[in-house]
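The values are calculated or read from the model by the stated rules, or taken from the named source; none is laboratory data. Please read all numbers here as calculations on a predicted model, not as lab measurements. For neighbour counting, all protein chains shown are included, and Cβ atoms are generated from backbone atoms with ideal geometry for every residue, glycine included. Protein only, heavy atoms only, side chains kept; ligands, DNA and RNA dropped before computing areas. Shrake-Rupley method; radii C 1.70, N 1.55, O 1.52, S 1.80 Å.
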Amino acid sequence: EKWLSRPPILLSYLPLKPLGGILMAQPIYLSPDGLEKLREELNHLRTVRRPQAAEGIQQSRERGGSVGDAEYEESRNELAFTEGRILTLDNLINNAVIIDKDAGAKDSIEVGATVTVQNSDGQIFQYTITGSAEADPALGKISNVSPIGRSLLGKRVNDVTEVAAPSGKIRLEILAIE
């Protein structure tokens, strides 16, 4: 039968969340800048990397490359990686929920907020709550699904939250929300 010969739709590129026994795609929170960066990367992959990888395969074949040839295999792997990244970016962009930093109340923490917290040792940290696609802890951008991000969501100034960490519980007091 014709429909059996079609490849399955790959949903593994979307973060899935169980909802009453049904797997639903989770929204991907992105800032306008983050969305633009993903679109630029996608455009670069489609217009530069994909043609380069295809050209590498063609050149390898012309030189007598075959399945056992290392250069041919490397070119095929590069094309496969590029195609996989294109699918991932397409799905991220299509499921993006844009974070509007100007919208929403600043009295509680939500995705897009910049939060100043103090730990029990008196150290002060500033985090921006982002979607997982833009998270970069070294730059103070933490994901809304990370342990700290999850524990901060919905909290208000002067609230205290505890986060389970490998080194033990971390106690954070919210000092400011921007």
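Numerical summary
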{"quantity": "Hits in segment 158-171 - residues which are among the charged types (D, E, K, R) and part of a strand (DSSP E or B)", "calculated": "Glu162, Lys169, Arg171"}
{"quantity": "Near pairs, Cβ below 7 angstrom, 6+ apart or cross-chain, from segment 153-166 (under 9 Å from Ile109 (Cβ atoms)) to any residue that is of a type outside the set (Phe, Trp, Tyr) and loosely packed, with under 12 Cβ neighbours inside 10 Å", "calculated": "Arg156/Asp107"}
{"quantity": "Test: residue in segment 164-173 that is within 22 Å of the chain's Cα centre (by Cα) and either within 18 Å of Leu35 (Cβ to Cβ) or surrounded by 12 or more Cβ atoms within 10 Å (Cβ to Cβ) (or both)", "calculated": "no"}
{"quantity": "Qualifying strands (runs of 3 or more DSSP E) (wholly inside segment 86-157; at least 2 residues being open to solvent by 30 Å² or more (accessible area, probe 1.4 Å))", "calculated": "96-98, 124-130"}
{"quantity": "Residues being open to solvent by 70 Å² or more (accessible area, probe 1.4 Å), in contact with a Lys or Arg (Cβ under 8 Å, 6 or more places away or on another chain) and modelled with pLDDT of 90 or more - total across segment 23-68", "calculated": "0"}
{"quantity": "Within segment 81-121, tally of residues that are over 18 Å from the mean Cα position of the chain (by Cα) and either more than 30 Å from Ile174 (Cα to Cα) or not small (Gly, Ala, Ser) (or both)", "calculated": "12"}
{"quantity": "Filter pass, Pro18 being closer than 30 Å to Val111 by Cα, surrounded by 14 or more Cβ atoms within 10 Å (Cβ to Cβ) and modelled with pLDDT under 90", "calculated": "no"}
